[in-house]
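The values are calculated or read from the model by the stated rules, or taken from the named source; none is laboratory data. All of these numbers come straight from a predicted model, not from anything done at the bench. Methodologically, a virtual Cβ is constructed for each residue, glycine included, from the backbone with ideal geometry; neighbour enumeration extends over all protein chains shown.
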Amino acid sequence: MKSIRAGVIGTGFIGPAHIEALRRIPGVEIRAIASSEPERAREIADGFNIHRVYDRWEALVADGEIEVVHNCTPNNLHFAINRAAIMAGKHVISEKPLTLTSRESAELLRLARKHRIVHAIDFNYRFYPLVQHARHMVQSGELGSVYVAHGHYLQDWLYLETDYNWRLEPKTSGKSRAVADIGSHWCDLMQFITGLDIQAVCADLATVHPTRQKPSARVATFTGKLHKTSQQQSTIHVGTEDIGIVMLRFENGARGVVTVSQVSAGRKNREWFEIDGSKLSLAWDQEEPNNLWVGHRERPNEIVIKDPSLLAEPVRAYAHYPGGHPEGYTVGLKNLFINVYRFIREKKDPAIVKTDFPTFADGHRENLIIEAVLKSNRSHRWVTV
């Protein structure tokens, strides 16, 4: 098997996660990484035996041996890097949000289709085995018609006024934070599982900490809780939401509601949903990802455990170990990348062949939803996506 050569841009929280997942996929070689923090990049490169380290993303994109670019940079860099990679003829796997605006994401989607490159976005929660099984149950008619989808995504890593990260800065992160950062994952899951687009939203957003204490040194994602510092701090004003409550209308008339929060003490990454249908209900919690609850009206409820022998035949490949062997966050990344690299290896054209992974079209759709949420919050009314 000829290796497909990849390059990873960005060495924050998600960059090494991409690298670790890629190392578990046969036929993929990580040829280079790029970062604005050369010392951090060299440390990661040495740990994973990656021989090329660039201190500019432009150099990695220009590397003629790299076929696939993984864009793991802060949000404000996504458009420029993704566009440059497309113009260089390279396939792209981008972190979300795809861009800061729907105008930019529409342009990327147009260019990707024009240049016929494979394009994907990291909505990796789709690829938990039991999420795939839930989707199959809906598609096969077991759930019946969707009545309501409800749930939440809760975190506590920005709970205190002294908690800080670049996501608090709109110029880097965008105009929405909690909804765009974690609510986008929840909305993508609901559209993926139900097969129904979100058509309208009604949102109420709130900022708990209108000011925060920014340390003089960079704080890596999720590590602020671990390392309290006495370094000099400055007070900044926060213009993005800590909390969002969004009501939803789906294309078949189904209703929904999601609560997102980055200030919920004790909740680390609790992405939970329940989908209630005309035949049964389904519920899943990312913090307990190896169980799927199935609710019934007239007989006992069920718990489906993550075991290939218990899953629908089309989704068994997403579970790599027998039941009782938990699989978590990293399996989602691995399964996503397996599908993307198989698509590339088979030389398929996403303009012709339906993909089994989220593409820039899904990233663009999420941008439209986020912009509708922001407009709804400003106008205090329902807004069509």
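Before moving on, here are some points about what is shown:
- Boolean, L77 is assigned by TED's automatic domain parsing to the domain that holds G12, part of a loop (DSSP other than H, G, I, E, B) and within 18 Å of D122 (Cβ to Cβ): no
- All conditions in (1) surrounded by fewer than 15 Cβ atoms within 10 Å (Cβ to Cβ); (2) over 21 Å from the mean Cα position of the chain (by Cα) hold for I30, with the sole exception of (1).
- Hits in region 68-96 (condition: surrounded by 21 or more Cβ atoms within 10 Å (Cβ to Cβ) and either over 17 Å from F360 (Cα atoms) or aliphatic (A, V, I, L, M) (or both)): V68, V69, I81, A85, I86, V92, I93
Matching residues to (1) of a type in the set (V, I, T); (2) modelled with pLDDT of 95 or more; (3) loosely packed, with under 14 Cβ neighbours inside 10 Å:
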site	(1), (2), (3)
E241	no, yes, no
A254	no, yes, no
V263	yes, yes, no
D276	no, yes, no
P289	no, yes, no
R299	no, yes, yes
V315	yes, yes, no
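- Any hit, region 223-234, residues being in contact with a Gly (Cβ under 9 Å, 6 or more places away or on another chain) and not in a loop (DSSP other than H, G, I, E, B): no
- Selection from region 145-174 of residues that are among the small types (G, A, S) and either buried (at least 19 other Cβ atoms within 10 Å of the Cβ) or over 22 Å from C187 (Cα atoms) (or both): A149, G151, S173, G174
- Residue within region 125-145 that is in contact with a Pro (Cβ under 7 Å, 6 or more places away or on another chain), in contact (Cβ under 8 Å) with a residue 40 or more places away in the chain, within 15 Å of N269 (Cβ to Cβ) and not β-branched (V, I, T) present: yes
- Pair list, Cβ under 7 Å, 6 or more apart: region 88-117 residue outside the structural domain of N76 (by TED's automatic domain parsing) and in a loop (DSSP other than H, G, I, E, B), other residue surrounded by fewer than 20 Cβ atoms within 10 Å (Cβ to Cβ) and of a type in the set (D, E, K, R): none
- E58 among the charged types (D, E, K, R), farther than 21 Å from F357 by Cβ and in a helix (DSSP H, G or I): yes
- Hey, P215 under 26 Å from R381 (Cβ atoms) and more than 22 Å from the chain's Cα centre (by Cα) or not: no
- Of all residues in region 333-385, those satisfying the criterion of being part of a loop (DSSP other than H, G, I, E, B) and within 30 Å of V257 (Cα to Cα) are K354, T355, D356, F357, P358, T359, H380, R381, W382, V385.
- Looking across region 47-67, just one residue is among the charged types (D, E, K, R), farther than 15 Å from V92 by Cβ and buried (at least 16 other Cβ atoms within 10 Å of the Cβ), and that is R52.
- T384 falls short on exactly one of the conditions (1) surrounded by 19 or more Cβ atoms within 10 Å (Cβ to Cβ); (2) under 23 Å from K96 (Cβ atoms), and that condition is (1).
- Residue list for region 334-370, filter: crowded, with 19+ Cβ neighbours inside 10 Å and of a type in the set (D, E): D362, E366
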